[in-house]
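Only the coordinates and a few stated rules stand behind these numbers; no lab work does. Keep in mind that what you see is a predicted model, and the values were worked out from it rather than measured. Using ideal geometry, Cβ is built from the backbone for each residue, glycine included, and neighbour counts are taken over all protein chains shown.
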Amino acid sequence: MKAAKEKNLSQAPEEIYMLKLYVAGQTQKSVTAFANLQKICDEHLKGKYQIEVIDLLKNPQLAKGDQILAVPTLVRKLPPPLKRIIGDLSNTERVLIGLDIVPRTI
Amino acid sequence: MRQEGKTILEQGTRGGMRKNQHSSKAGALNTTLVKKNKKGLNLKDLVLQKCPTGIQGVDEITYGGLPQGRPTLICGSAGSGKTLFAMEFIVHGALEYNEPGVFVSFEENSEELTKNFASLGIDLQDAVQKKMLVLDHVYIEPSEIEETGEYDLDGLFVRLGYSIDSIGAKRVALDTLEALFSGLGNENILRAELRRLFRWLKTKGVTAVITAERGDESLTRFGLEEYVADCVILLDHRVNEQIATRRMKIIKYRGSRHGTNEYPFLISQQGISVLPITSLGLDYPVTSERISTGIKTLDAMFDNKGYYRGSAVMISGTAGTGKSIMAAHFVNHACSKGKHCLYFAFEEPAGQIIRNMGTIGVDLEQWVEKGLLNFSANRPSFQGLEMHLVSMHDSINEFEPDVVVIDPISNLVQTGTMFDTKAMLTRLMDYLKMQHITVLMTNLTLNKETNDNSEIGISSLTDTIIRLDNVEENLRQNRFLTIVKSRGMNHSNLVNNFVITDKGVQLKTGGGKP
């Protein structure tokens, strides 16, 4: 049933989600965010996603390029358009909306 | 001033950045500090250090600049010059004070900023290449951002910290931080993070300028003044009777005295220019040197010597009595002695004055060509009264004249109220006297009955007043000249008849002591 749902919502099943998670050190928020992201992806994007975690404390110069302000920030590089989701991703529904996995409702 | 004496206070709070330079001294200073304080000595070393803005006039009204190592809030409505203030602070720091700076823009991107500031003659890209400036455009598009739980602004901190460290920045500008509020929804998080940001900036030891949009009832729309408590400067842009005036006011400046007035300022090709106030006061030095009136027979009426150098002279009279001619003689003679003259014309363009004076044998053009005479012709209604004052100040600073002519001063009254005009003229007179600049003003009176010429009520500011009259007699106009007053000299009290010929003004009865 889940599989059917996936097919309905994502028009092009071969599409790969390239996701970058920006964090600043191993904070509670970044650990939570990563765990939440992993879970959401496993449930909704199984087999068609890539996650790259970027620690800004180690690579501060990368903050400018992707316009990072808040952390954690999840950036959807692909598919276009670029999307930014900030916060620890604890609100699954909003993450799915932010990633365009489920359509925005009223 | 900036270089000497990093304070003990600073070393306590700012730690790291200065440590290399002063670590050996710090211990010694701390131990001697208590003793010295008891004696009341060296207290000034404890006083807050200032970071000069390099913006004309701002360092005067803040007595040295912004609080070093602390954030300053610049608030004002749209178009009041906030961004310019912030950028000038950074650019002057980088180019004149060897203090690299980071400019974080939340509104305009680097290209836009570069273009805007190129028009002010500031080459931002050059400073960027010299590693004296970092431009960082923080782009926030609310529609692209989804909020999903807890977050903080460490990204901004990391980014800013990286920029600061990459060039060893001493100055930071954030323009306009409030964009965060429209971009991010969680105000609680934002407020906590802003508080943390300002503390963090202090520990970084950078002098920061933060701009904010003015709110309806509070200083800033989002109450940023709560967090930046050290120094708050308000920029204002008011339109009164269709004439706009910009004003600057220091709302607060913790740990420092500051001017409390509203100071008019101008945004010109050189950027922001605030009217300096150092000139205000009555303690200027005086001289007993004399300067010729330019008319021999008139000199004779003043002890054979003329006006005092650095005094204020007013020539008053109804229309067509020869006021400008008197001024032209004065200028002509001063220039022939190699003095620099600045002529503010509020009635006629420069060319017309030169042409007209040519007909009475006064050749002003030669002095213009030699660079001794400079005309500044403006319509009085072209800008507000205070703006006139600021721009006159700027011209005077630039040209450094020995003699200034204002022709006529009465026209300036049109642009302001009596009170404003008087306040402005007081400032101008004080400023000129400080610089030992002799000023000659012409004043158009409406009829001869108002004989004290004090329509503007500035007679008390002038040292010498000459009145010119036309009297009709036997079908011809007779011209008369009277010295109404001339402080500190023995002057003629005769009413002298004079004529204007093609060789200039000739006093008929001659002067001399009565």
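3J(HN,Hα) couplings calculated from phi for the range A:21-29 with the Karplus curve 6.51 cos²θ - 1.76 cosθ + 1.60 (θ = phi - 60°) are, in sequence order, 10, 8, 9, 10, x, 7, 8, 4, 5 Hz; Gly and Pro show x. Going from the fewest other Cβ atoms within 10 Å to the most, the residues B:Ser218, B:Ser288, B:Ser324, B:Ser395 appear in the order B:Ser288, B:Ser218, B:Ser395, B:Ser324. One decimal place: the segment B:Glu289-B:Ala229 gains 16.6 nm when fully extended, by the rule 0.36 nm per residue minus the C-alpha distance.
Tally Lys/Arg at +1 and Asp/Glu at -1 over every other residue whose Cβ is under 11 Å from the Cβ of B:Asn109; what's the total? The answer is -4.
Would you mind checking A:Lys29/B:Lys82; B:Lys204/B:Lys249; B:Lys82/B:Lys204; B:Lys50/B:Lys433; B:Lys249/B:Lys485; B:Lys370/B:Lys433 for any pair whose Cα atoms are more than 31 angstrom apart? Result: A:Lys29/B:Lys82; B:Lys249/B:Lys485 exceed 31 Å. Packing around the peptides B:293-306, B:91-104, B:487-500, taken as the average count of other Cβ atoms within 10 Å per residue, puts them in this order, highest first: B:91-104, B:293-306, B:487-500. The order of the peptides B:201-213, B:364-376 by mean Cβ neighbours within 10 Å, most packed first, is B:201-213, B:364-376.
The mean number of partner chain beta-carbon atoms within 10 angstrom of a residue's beta-carbon across peptide B:157-164 is 6. Spin-label pair B:Ser182-B:Arg238: with each label point 7 Å from Cα along the Cα-Cβ axis, the two points sit 2.7 nm from one another.
The mean number of Cβ atoms from other chains found within 10 Å of a Cβ in peptide A:22-29 is 3, as a whole number. The listed peptides B:161-168, B:119-126, ordered by packing as a protection proxy, come out as B:161-168, B:119-126 (highest mean of other Cβ atoms within 10 Å first).
Among the residues of B:132-145, the average count of other protein chain beta-carbon atoms within 10 Å of the residue beta-carbon is 3. Among B:Val404, A:Val71, sorting on how many other beta-carbon atoms sit within 10 Å of each Cβ, with the fewest leading, yields B:Val404, A:Val71.
Put in order of Cβ neighbour count within 10 Å, fewest first, the listed residues B:Ile360, B:Ile272, B:Ile466 become B:Ile360, B:Ile272, B:Ile466. So if R0 is 51 Å, what FRET efficiency would B:Asn109 and B:Lys305 give, r being the distance between their Cβ atoms, rounded to the nearest 0.05? Rounded to the nearest 0.05, the efficiency is 0.20.
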